[in-house]
Amino acid sequence: MSNPTMQEFHILMESGTDVNYRREGGSSNEVFLYCLLTSSVYLQPLLFHGCDPNMCFEDDGELFIKCAGRFLRKEKMPLAVFLKLILHFLIVTKAVQNAFFALNTWFP
């Protein structure tokens, strides 16, 4: 399902969809990154259903930086608003700090 309607999305969430899916050997949260690449309407509900963006930083966070940068450009969302939205769901590690420092250079 490439772009579910909001009703389909809620049915998926309520039926126990694995919102922290990752391929074997992968270290990033594909569901979260896919959400960043498709539509912002899914971001907040996805986070509230237990999606863990911290999985994106198990390596170096480079994929997160690329996806978040595209999301910020597409949504025309200030970095501060994006940070405020997901900060409650992040464990602030060095990789997270580095990712947001990098994003801050692109989106001051």
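The values are calculated or read from the model by the stated rules, or taken from the named source; none is laboratory data. Since the model is a prediction, treat every value here as computed from it, not as a measurement. Please note: Cβ atoms are built from the backbone with ideal geometry, for glycine as well, and neighbour counts cover all protein chains shown.
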Item to check | Residues of the range 18-47 that turn out to be of a type in the set (Val, Ile, Thr) and in a loop (DSSP other than H, G, I, E, B), as a count | outcome: 1
Checklist entry - Which numbered condition trips up VAL81, out of (1) β-branched (Val, Ile, Thr); (2) without any contact (Cβ under 8 Å) to a residue 24 or more places away in the chain; (3) under 21 Å from ARG22 (Cβ atoms)? => result (3)
Next on the checklist: Out of everything in the range 5-39 that is modelled with pLDDT under 75 and either farther than 23 Å from LYS66 by Cα or polar (S, T, N, Q) (or both), what residue ends up being surrounded by the most Cβ atoms within 10 Å (Cβ to Cβ)?
Outcome noted: SER28
Next on the checklist: Out of GLU75, GLU24, I need the residue that is without any contact (Cβ under 8 Å) to a residue 60 or more places away in the chain and within 18 Å of TRP106 (Cβ to Cβ). Which one?
Outcome noted: GLU75
Checklist entry - Consider PHE32 against the criteria (1) touching a residue at least 24 places away in the same chain (Cβ under 8 Å); (2) more than 22 Å from GLU14 (Cα to Cα): it satisfies all of them except one. Which criterion is unmet? => result (2)
Checklist entry - From PHE89, PHE100, which residue is part of a helix (DSSP H, G or I) and at pLDDT 90 or above? => result PHE100
Checklist entry - For residues in the range 88-99 being within 14 Å of the chain's Cα centre (by Cα) and either under 19 Å from GLU30 (Cα atoms) or acidic (Asp, Glu) (or both), which is surrounded by the fewest Cβ atoms within 10 Å (Cβ to Cβ)? => result ILE91
Next on the checklist: Filter the range 85-108 down to the residues that are of a type in the set (Ser, Thr, Tyr) and closer than 14 Å to ILE65 by Cβ and list them by number.
Outcome noted: THR105
Checklist entry - Among the residues of the range 54-85, which ones are of a type outside the set (Lys, Arg), surrounded by fewer than 18 Cβ atoms within 10 Å (Cβ to Cβ) and within 18 Å of SER39 (Cα to Cα)? => result GLY69, GLU75, MET77, PRO78, LEU79, VAL81, LEU83, LEU85
Item to check | Pick from the range 48-59, criterion part of a helix (DSSP H, G or I) and of a type in the set (A, V, I, L, M, F, W, C), ranking: farthest from GLY69 (Cα to Cα) | outcome: PHE48
Item to check | Criterion violated by LEU83 - all others in (1) within 20 Å of LEU47 (Cα to Cα); (2) more than 14 Å from the chain's Cα centre (by Cα) satisfied | outcome: (2)
